[in-house]
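In what follows, a structure is listed as structure tokens, so that the remarks can point back to it.
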Amino acid sequence: MAAERRPLILNMGPQHPSTHGVLRLVLELDGETVRNCEPVIGYLHTGIEKTAENLNYNQAVTVIDRMDYLSPLTNNLAYVLAVEKLLHIEVPARTRYIRVLFCELSRIASHLVWVGTAAMDMGAMSVFFYCFREREKILDLIEMTAGARMNPSYFRVGGLLADLPEGFSEKLHALLDEFPTWLQNYRDLLGANVLWVERLRGAAVIGQEAALAYGLTGPTLRSTGVELDLRKAQPYSGYEEFEFEVPVRHSGDAYDRYELRLEEMVQSAAIIRQAIDRLPDGPWHIDDWRIYPPDKHQYVERDMEALIYHFKLFTEGFKVAPGEAYQGVEGPRGEIGCYVVSDGTARPMRVRVRAPSFYNLQSLPLMVKDRLIADLITAIGSIDIVLGDVDR
Amino acid sequence: MALTVGIDIGKALLVIIFLQAAFGYLTLIERKLLGRFQLRPGPNRAGPFGLLQPLADGVKLLFKEEIIPAGVDRFVFLIAPMLSLLGALMAFAVIPFGSPVHIFGRLVPLQIAGPSLSLLYVFAVASLGVYGIVLGGWSSQNKYGLLGGLRSSAQIISYELAMGLSVIGVLLAAGSADLNQIVSAQTREWFVFPQIVGFIVYFICAIAETNRAPFDLPEAEQELVAGYHTEYTGMKFAMFFMAEYINMITVSALATTLFLGGWHGPAILPSYLWFLIKVAIFLFVFVWLRATLPRLRYDRLMAFGWKVLLPVALLNAIGTAAWVALVHP
Amino acid sequence: MLTLYLPIVIYFTISLLVCFGIMGASRVIGRPKRQQSVAKLQPYESGIVPEVQLGPKFSIKFYLVAMLFLIFDVEAVSFYPWAVLMRQLRLYGLAEMGLFILVLGIGYAYVWKRGGFQWDR
């Protein structure tokens with residue numbers, strides 16, 4: 001029997017129902033056991049980093065949006081904070097609060113997609129629809145604020161696109177009040193289901209050392225017992241002013257990641273509540289017309305000088321003194337970092353993004369070696385990759 | 001003689017047409033129900049309430065281009081879906097679906113044929129259908145198909161044993177393997193009550209037998225794309241599909257016959273309607289499970305079949321035997 | 001006896017005709033209109049042209065379980081006549097079957113202990 005054991009080479013993806021987009025995995029199979037797994041990426045390469053070099057600093061926000069399309073505002077934040085670091089500007093408190101609020105909303109939205117798609121991967125179809133129903137409500141909030149649902153480009157250098165609209169607070173509170181019942185639904189449908197638990201327990205395990213060595217971040221890392229959350233470790237955008245916990249699990253398997261993500265949603269909801277309840281009044285952007293455009297009705301239409309600033313900002317943008325800055329933020333998938341180099345012109349010389357999905361994906365072969373195909377599907381789901389984020 | 005043969009042909013045609021129609025509308029009902037479970041309306045464009053949807057699907061599939069991939073074993077590739085459908089249709093042959101009726105002054109049983117070991121016949125024929133799946137997956141030269149076909153055979157060796165043993169209790173209680181006599185033994189009490197353990201084991205195995213969620217491993221979309229029928233197009237694909245749904249109807253009909261008193265019911269409705277209602281309940285549960293449950297993992301499935309269901313079914317059989325030997329009058 | 005199975009033969013014939021009918025209709029109506037390209041006739045492998053074709057041999061890990069299944073299935077069939085005749089056999093049948101199951105159980109326990117029911121071994 002051992003004489004004739006050629007492995008079966010199977011291409012899973014790019015056109016496959018559960019590779020979350022266009023991931024290609026070259027599998028070496030022995031029966032149903034995965035002996036080797038090699039991710040092949042690049043099918044969704046969009047050249048976002050290069051594109052950003054040809055746009056001015058504010059325009060680049062719109063392409064940065066499109067990397068991790070499940071939580072675009074976190075990408076925005078990393079980029080905007082990096083540029084603000086280069087400019088040495090401090091945004092008003094209200095801006096910081098609103099940014100935190102929307103990042104946490106994005107985190108919930110992203111985790112909802114995760115719960116839904118992971119359940120779908122396991123064959124539990126209906127949960128997917130429930131998750132998307134709830135995500136729609138968050139997207140509605142984003143839409144009413146920024147005008148767009150998927151890629152709002154809401155954070156701008158020095159401020160925001162717009163202030164919170166009227167009626168936002170009431171809608172948000174309604175959503176927050178309803179939020180615990182959503183979670184209870186998922187826990188009833190998934191966590192209380194022995195089939196779900198059996199599929200996830202002990203699947204896609206990664207050890208603490210390997211996780212650190214591979215540079216994993218986010219829930220994937222925290223499931224191995226490492227308590228690393230940039231919101232606590234290197235607070236940015238005023239996260240130190242909020243009270244929340246960083247949930248940690250220890251066995252490093254898919255079930256821990258599932259629980260972590262549900263936990264994180266609870267914490268995010270708590271942060272959002274604090275942010276909206278303690279939201280300071282005052283300006284929501286910096287008062288510097290060289291960087292943030294003057295208000296159209298208040299100034300541009302009345303004041304010649306404002307008009308000139310406005311014109312200059314929208315034709316050539318603002319110049320940034322030479323230098324470089326890196327800002328990492330805690331996205332739903334892990335550390336999403338933006339490294340911006342300026343050469344003194346109005347366009348970034350280099351924008352480099354540290355995409356969490358890229359690093360997390362590297363651990364996949366380790367997780368699935370000598371496991372069944374079914375575990376491979378669990379593993380792909382559990383590391384929560386977004387191919388747009390991997391390939392950029 | 002001629003009349004007998006005529007009636008036989010009539011019954012055969014009736015059953016086949018009924019099964020085809022039931023298959024078509026079962027797909028519609030499933031999609032409608034899944035839609036409701038999942039906060040969406042389901043198909044509602046073709047005809048009122050989407051009632052013409054099965055027809056539209058059928059026409060569409062019929063007009064699909066026939067593709068036979070390069071390098072397949074043509075004979076096996078073509079024979080496999082037929083084998084699958086044939087197995088599904090044949091298994092229904094011995095199921096009594098109503099009390100005997102009078103046609104041309106003759107008492108005609110509503111059943112194609114009633115051999116005395118009809119229960120054994122159902123199991124024997126129903127398990128032939130798996131050959132279609134295995135051969136279809138194997139012959140299509142597709143890796144996903146091969147894996148799906150193998151999973152199917154793995155599944156049947158995990159479950160069929162427990163399925164066969166789960167109904168021993170019913171045989172003991174009825175003292176016969178003839179489905180007609182099993183039905184008439186349930187005039188006073190349905191076997192589902194004394195044989196609840198056997199019933200549960202049977203139903204779990206039935207889901208596995210029909211490759212339905214949560215045991216839909218051979219065609220696990222998220223793992224094997226479409227599993228054994230990845231390479232099949234048009235009506236050849238539809239035949240696998242038909243086989244799956246007709247098998248669902250058959251196992252539900254068998255469950256009704258063995259455990260829910262068959263066509264027995266209060267006289268307010270004709271017997272075949274009672275039968276249909278009971279079968280429909282089972283079919284609803286099939287869809288409900290599909291909407292709710294995640295899929296089982298592969299090795300768990302085999303362990304579950306051999307280490308849980310088999311001993312439970314065996315113990316149930318022994319317990320019932322002891323009851324028959326010691327207590328039964 | 002023959003008349004008992006005649007309906008099944010009739011039913012089988014009609015079913016077979018239905019199967020061939022569907023197959024034939026699909027062949028006639030769904031005949032490719034033009035030459036199918038090489039790429040189209042490739043087996044599907046997630047959109048990638050497979051570098052390694054499917055070999056004639058494939059390792060089936062569960063063949064041991066399959067053999068066990070054959071053995072146990074034959075045993076299971078012997079339950080059927082026993083179950084039907086139980087009312088006549090009574091205690092004798094119970095004792096007889098108890099012995100049979102005991103022997104079967106020893107084999108079953110042995111296989112379980114040796115890990116014979118493992119999926120992938």
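Quick note: the coordinates plus some simple rules give every number you see, no bench work behind them. Nothing here was measured: the structure is a model prediction, and the numbers come from that model. Every residue, glycine as well, gets a Cβ built from its backbone with ideal geometry; the counts of neighbours run over all protein chains shown.
Side notes on the structure shown:
- By average C-beta atoms within 10 angstrom, highest first, the peptides B:126-132, A:116-122: A:116-122, B:126-132
- Size of region A:43-83 from its Cα atoms: along the principal axes, largest to smallest, the extents are 29, 23, 13 Å.
- Choice from A:Ser169, A:Ser223, A:Ser18 showing the highest fluctuation, given a GNM over chain A with Cα pairs closer than 10 Å: A:Ser169
- Acute angle (nearest 10 degrees) that the helix B:74-91 long axis makes with the longest principal axis of chain B, alpha-carbon atoms: 30 degrees
- Peptide A:369-375 shows a mean partner chain C-beta count of 4 within 10 Å per residue C-beta.
- Here the residues B:Leu14, B:Leu309, C:Leu102, A:Leu77, ranked from fewest to most Cβ neighbours within 10 Å of their Cβ, fall in the order C:Leu102, B:Leu14, B:Leu309, A:Leu77.
- Range of Cα positions in the protein assembly as shown per principal axis (Å), largest first: 107, 61, 58
- Adding -39500 (n - 2.57) for every DSSP H run of four residues or longer, then dividing by how many residues chain A holds, sets the calculated 222 nm ellipticity at -14000 deg cm²/dmol.
- Residues within the reach of a label modelled at A:Phe132 (point 7 angstrom out along Cα to beta-carbon, backbone nitrogen below 12 Å), restricted to region A:100-116, are A:113, A:116.
- Nearest 10 degrees, 0 to 90: helix B:129-139 Cα axis against chain B principal axis: 20 degrees
- Cβ-Cβ distance of B:Val308 and A:Arg187, R₀ of 25 Å, FRET efficiency by 1/(1 + (r/R0)^6): the value works out to about 0.45.
- Helix B:196-209 axis versus longest C-alpha principal axis of chain B: approximately 20°, rounded to the nearest ten.
- DSSP loop trypsin sites (Lys or Arg not before Pro) with at most 13 other Cβ within 10 Å: longest gap in chain B: B:46-187
- Computed over region A:76-142, the P(r) tail beyond 17 angstrom holds 54 percent of alpha carbon pairs.
- Histogram of C-alpha separations across region A:291-392, 10 Å bin width, %: 14, 25, 21, 19, 12, 7, 2, 0
- The dipole here belongs to region B:2-77: it is taken about the Cα centre, uses +1 on the Cβ of Lys and Arg and -1 on the Cβ of Asp and Glu, and is about 420 debye.
- Cα convex hull of chain A - mean projected area over all directions, nm²: 20.0 nm²
- Each of C:Val84, B:Leu296, C:Pro32 was placed along the dipole of the protein assembly as shown (beta-carbon charges, centred on the mean Cα), and the one lying farthest toward the positive end is C:Val84.
- Averaged over C:13-24, number of beta-carbon atoms from partner chains that fall within 10 Å: 6
- Applying 1/(1 + (r/R0)^6) with r as the Cβ-Cβ distance of B:Ile7 and B:Arg45 and R0 = 30 angstrom yields a FRET efficiency of 0.15.
- Shown for chain A are the DSSP H helices of 30 Å or more along their axis, judged by Cα atoms, with a mean Kyte-Doolittle hydropathy of at least -0.5: A:93-121, A:125-146, A:254-277.
- In this structure, the amide hydrogen of A:Val34, modeled 1.01 Å from its nitrogen in the peptide plane, lies closer than 5 angstrom to those of A:Asp370, A:Arg371, A:Leu372, A:Ile373, counting only residues at least 5 positions away or on a different chain.
- R0 of 45 Å, Cβ-Cβ distance B:Val285-A:Glu227: FRET efficiency to nearest 0.05: 0.50
- Across peptide B:156-168, the average count of Cβ atoms from other chains found within 10 Å of a residue's Cβ is 4.
- In a DSSP loop and with at most 13 other Cβ atoms within 10 Å, the GluC sites (Glu not before Pro) in region A:4-110 are A:Glu4, A:Glu90.
- Neighbour-limited loop hits for trypsin sites (Lys or Arg not before Pro), region A:1-75 (at most 16 other Cβ within 10 Å; DSSP other than H, G, I, E, B): A:Arg5
- In region B:10-95, the chymotrypsin sites (Phe, Trp or Tyr not before Pro) that fall in loop regions by DSSP, at most 12 other Cβ within 10 Å: B:Phe63
- Over region C:2-113, volume per residue of the alpha carbon convex hull, in Å³: 226 Å³
- Overall Cα dimensions of chain B - principal axes, largest extent first, Å: 64, 51, 45
- Here the extension length gained between C:Glu96 and C:Ala66 equals 8.0 nm, from 0.36 nm per residue of separation less the Cα-Cα distance.
- Under 5 Å, built H, 5+ apart or other chain: amide partners of A:Arg24: A:Val40
- Projecting label points 7 angstrom from Cα along Cα→Cβ for B:Ala21 and B:Ser184 puts them 3.0 nm apart.
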